[in-house]
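Can you read through this structure? Questions will come right after.
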Amino acid sequence: IDNPAAVLADYMTSDRYGCNIPLANINSGALAAFGSFCNESGPYIDINGVSTTTKRYTINGLIDTNRRCKENIDTILLNSGAWMSYDVALGQWRVIPKRALPGTTWSGPNQTGTPTDPAPQIIFNDDNITGSIQISSTRLDNLFNIASAEFYDKYNKDQRGFTKIELPDALRNTNEPDNALSLTLDLTNNNVQAERLANIELKQSRDDLVITFLTSHYGIQAQAGDVIAVYNTLYGWCEPTFPQG
């Protein structure tokens, strides 16, 4: 098997070489959706200059079962563009792919997003935010603008290969110095997947706005990975009108 969802399920549930987690404690719906997402095909130009397609993500490499379960799970997730969350309400582990969610057409006065932003699952506003709102961001000299990924190249007898992604000047801030992010992709054996993962990690590292606030018991329902919206009259974050259903 090489589908990341199948690899995860096999490793997490195995009582011999894995984590011995009951299948009932893994969100099967999220796992199935992740498997379908990884199987989606994308175009690329091969080493002979021929246009072809490949699956979005596959797992090709060796897992060291002497390492801690969490380390191996993190390695599988890193090589398949995803991360893991624990749903306290359901008592289940849930895999969440790093991807843009489907958008919803909406409009409203002073809208703060684009018309293709996904409608939020939970909304925080003046009714349930009970304290001050703190906003922070990454310092200019700590922003990554270069990503270097190391992988095993199947086109070169599985020797170590390297790929490098640089953010164009048009997407950098003024006077932003070079700052490289290094990735080691032990379960990736082609440059197409390595470049895709490097691009995702690089661009997500620049989404650096952090909002911290206190909320009422309403916030208990929020889970890691949920799309949330924060509206506040003081900051002028006005709530748009979302379509029902």
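The values are calculated or read from the model by the stated rules, or taken from the named source; none is laboratory data. The structure presented is a predicted model; accordingly, all values stated were derived computationally and were not measured. Please note: Cβ atoms are built from the backbone with ideal geometry, for glycine as well, and neighbour counts cover all protein chains shown. These area figures cover heavy atoms from the full protein model, side chains too; ligands, DNA and RNA do not enter into them. Shrake-Rupley method; radii C 1.70, N 1.55, O 1.52, S 1.80 Å.
Provide, in order from the shortest bin, the percent of all Cα-Cα pairs of segment 27-70 in each 10 Å bin, continuing until the bin that contains the maximum pair distance.
With 10 Å bins starting at 0, P(r) equals 22, 30, 33, 14, 1.
Right, another one. Over all pairs of distinct alpha carbons, what does the Kirkwood formula give as the hydrodynamic radius of segment 151-245, in Å?
Numbers: mean 1/r = 0.0562 Å⁻¹.
Every distinct Cα pair counted, the radius reaches 17.8 Å.
Note the full-extension length gain between SER85 and ASP126 as 0.36 nm times their separation in residues minus their Cα-Cα distance, in nm to one decimal.
My answer for the length gained is 12.0 nm.
Provide the per residue accessible area, probe 1.4 Å, for the chain, rounded to a whole number of square angstrom. Before the final figure, lay out each step's value.
Working: 14510 Å² over 245 residues.
Heavy-atom SASA per residue in the chain reads 59 Å².
Per 0.36 nm of contour for each residue apart, how much would the distance between ASP15 and THR174 grow if the chain were fully extended, relative to their Cα-Cα spacing?
Value of the extension gain: 51.9 nm.
Give the carbon-plus-sulfur fraction of the accessible surface of segment 123-221 in %, rounded to a whole number; probe 1.4 Å, heavy atoms of protein chains only.
Ligands and nucleic acids excluded, carbon and sulfur give 46 percent.
Given C-alpha coordinates of segment 132-204, what is the ratio Rg to Rh with the Kirkwood estimate of Rh? Walk me through the numbers before you get to the answer.
Working: Rg = 15.0 Å, Rh = 13.5 Å.
Ratio of gyration radius to Kirkwood radius: 1.11.
Here's another thing I want to ask about it. Per the 1.4 Å probe, what fraction of the accessible area of segment 1-93, in percent, lies on carbon and sulfur atoms?
Summing carbon and sulfur atoms, their accessible area is 52 percent of the total for segment 1-93.
Based on DSSP H runs of at least 4 residues, each adding -39500 (n - 2.57), what is the mean residue ellipticity at 222 nm of the chain after dividing by all its residues, to the nearest 500 deg cm²/dmol?
Per the formula, -6000 deg cm²/dmol.
Send over the semi-axes of the chain's equivalent ellipsoid, whole angstrom and largest first, taken as the square roots of 5 times the C-alpha gyration tensor eigenvalues.
34, 25, 18
Please check which bits of segment 54-68 a label hung off GLU40 would reach, taking the label as a point 7 Å along Cα-to-C-beta and the cut-off as backbone N under 20 Å.
It comes to 54-59, nothing else.
Could you rank the peptides 71-79, 192-200, 13-21 by their average count of other C-beta atoms within 10 Å per residue, with the highest value first?
192-200, 71-79, 13-21
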